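A short worksheet on the structure shown next.
A short reminder: the numbers here are calculations on the coordinates, not readings from a lab. Keep in mind the model is a prediction, meaning the values are calculated, not measured. Counting neighbours? That spans all protein chains shown, and the Cβs are built from the backbone with ideal geometry, glycine included.
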Amino acid sequence: MDKLLIRGGRPLHGEVAISGAKNAALPALCAALLTPQAVTLRNVPRLRDVATMRALLQRIGVQVQTHGERGGLTLQAADPLDPVAPYELVKTMRASILVLGPLLARCGRARVSLPGGCAIGARPVDQHIRGLQAMGAEIAVEHGYIEARLPPGRSRLRGARITTDMVTVTGTENLLMAATLAEGETVLENAAQEPEVVDLAELLIAMGARIEGHGTRRIHVQGVAALHGAEHHVVADRIEAGTFLCAVAAAGGRARLRHGRADHLDAVIDKLLAAGVEVEAGADGLTVTSPGGAALRAQSFRTTEYPGFPTDMQAQFMALNCVAQGPSAVTETIFENRFMHVQELARLGARIRIDGRTAFVEGGQRLSGAAVMATDLRASASLVIAGLVADGETVVDRIYHLDRGYDQMEVKLRALGADIERLA
Ligand code: UD1
């Protein structure tokens, strides 16, 4: 099992390119199910989750071709499709649920395994199911599978006004995709405003969908009878960019993050500025300059939906707070069990106490290298950041979690001067 060996204490200098966003690429791949014509995506990141989604789509009958150009993929979902997402593929990646809406809209039926438990919380998909039911689908959950179909005599979903109980990113995306081919108008209230939802809406519009209000809490969709092929460039990964911002903030140094977008990272950048980090937005990128974590002031924050502080940046910023000066309180409001990095950070010398949904961090600690275990995707990234500032050697085990969502993180960090290597 791959591990990362990090010898900490080096500042980071130079330039790296931020890849396309995992959370935008996954729904974009699924959107290809909505048309028999070819959909070409560019800037698709090279990630385990993308490979899993590709395998799932191929299993359904989608032809997928890689382009010579980096990150280019063409997908063609010509008939016939087999609208089934089996447990073996779904269990490794919750985002597989994103095939449900498009398959139902395109084929009139779908059989998708329930994603099952996930390390960072219960994460049910009840909102996806309820929304599709409101659009006329008949859905039963049997033997671990969501069995969805249109009622006899109907060939399309029908538009509906849907208000989800909470803001859900993949829930919004699933319902948005289903609504594009429904009969009549769908209004999604309490919709997620994340840049990845906007990116998906832009792809769907390029495919002929009629969508308004994406990027706000209310999205209007006028269903159309068919969508067509399109080309789309996947938006830059704000979480990867934010992770590199925190890495440079903690390790110290100056780096340019090509393609990084400040307008998608306002909440994180505000906290970094308050901590004493410099972040400049330029043409097609961000430049970050930091005197190193020990010279910074720790910052309290709470995770919320976009445009608030992203839950996917909580663990990485907490690693920074461990070495920055002063106490901080980090409150996680999106997922109920997303502090698994805390006990691993403690192995490196961090001082953190958890009380309910808040972690109280005592800053100003000198971290010392140790063997630690990655528990989920963003937790892994926080351990890497901690390893970059810890004295001596840190070995991060189980980095398959990291490979699910970061495109060659250690290669990029090495390009910035980090002493980091992958041990097979
Ligand atoms: C997406 C992101 C993930 C990010 C999360 C929150 C993708 C592929 N993944 O995950 O990286 O951490 O948004 O920004 O884009 N919920 C329900 N019922 C539902 C749906 C959600 O109770 O039907 C709850 C979840 O348990 C969670 C909260 O709503 O507590 C938000 O989850 P959601 O936004 O759906 O997360 P994902 O879309 O799975």
Check: Fewest first, what order do 91, 271 take by the number of other Cβ atoms within 10 Å?
Finding: 91, 271
Check: If each of residue 368 and residue 424 carries a label point 7 Å out from its Cα toward its Cβ, how far apart are those two points in nm?
Finding: 3.4
Notebook entry, point to check: By per-residue mean of other Cβ atoms within 10 Å, what is the highest-first order of 34-42, 167-175?
Noted result: 167-175, 34-42
Margin query: Can you compute log10 of I(q)/I(0) for the stretch 22-233 with the Debye formula, treating each Cα as one identical point scatterer, at q = 0.13, 0.18 Å⁻¹?
Written below: -0.63, -1.33
Next item on the list: Figure the gain on full extension for residue 336 and residue 400 (residue separation times 0.36 nm, minus the Cα-Cα span) and round it to one decimal in nm.
Entry: 20.8 nm
Next item on the list: Using only the Cα atoms of the stretch 58-167, build the gyration tensor, take square roots of its eigenvalues as a ≥ b ≥ c, and label the shape rounded, prolate or oblate: rounded if a/c is under 1.5, else prolate if a/b is larger than b/c, else oblate.
Entry: oblate
Item checked: Dipole of the chain, positive direction: furthest Cα of 342, 316, 298, with charges on the beta-carbon -> 342
Check: What spacing in nm lies between the two simple spin-label points modelled at residue 258 and residue 65, each 7 Å away from Cα in the Cβ direction?
Finding: 2.7
Note to self: From the Cα trace of the chain, what convex hull volume per residue do you get, rounded to a whole Å³?
What the structure shows: 123
Checklist line | Using a Förster distance of 41 Å, the FRET efficiency for residue 354-residue 139 (Cβ separation, nearest 0.05) | finding: 0.65
Checklist line | Segment residue 46-residue 329, length gained on full extension (0.36 nm per residue, minus Cα span) | finding: 98.4 nm
Check: At what distance in angstrom do the alpha carbon centres of the stretch 345-403 and the stretch 298-332 lie from each other?
Finding: 14
Note to self: Restricting to bridges with both residues inside the chain, how much of the DSSP beta-bridge set is antiparallel, in percent to the nearest 5?
What the structure shows: 70
Next item on the list: For residue 145, enumerate residues with amide H under 5 Å from its amide H, sequence gap 5+ or separate chain, H modeled in the peptide plane.
Entry: 114
Note to self: Suppose the chain between residue 278 and residue 300 were pulled fully straight at 0.36 nm per residue; how much longer would it get relative to their current alpha carbon spacing?
What the structure shows: 6.1 nm
Item checked: Stokes-Einstein D in µm²/s, Kirkwood radius over Cα pairs - the stretch 168-275 at 4 °C with 1.567 mPa s viscosity -> 83
Check: In the stretch 288-356, what GluC sites (Glu not before Pro) fall in a loop by DSSP, with at most 10 other Cβ atoms inside 10 Å?
Finding: none
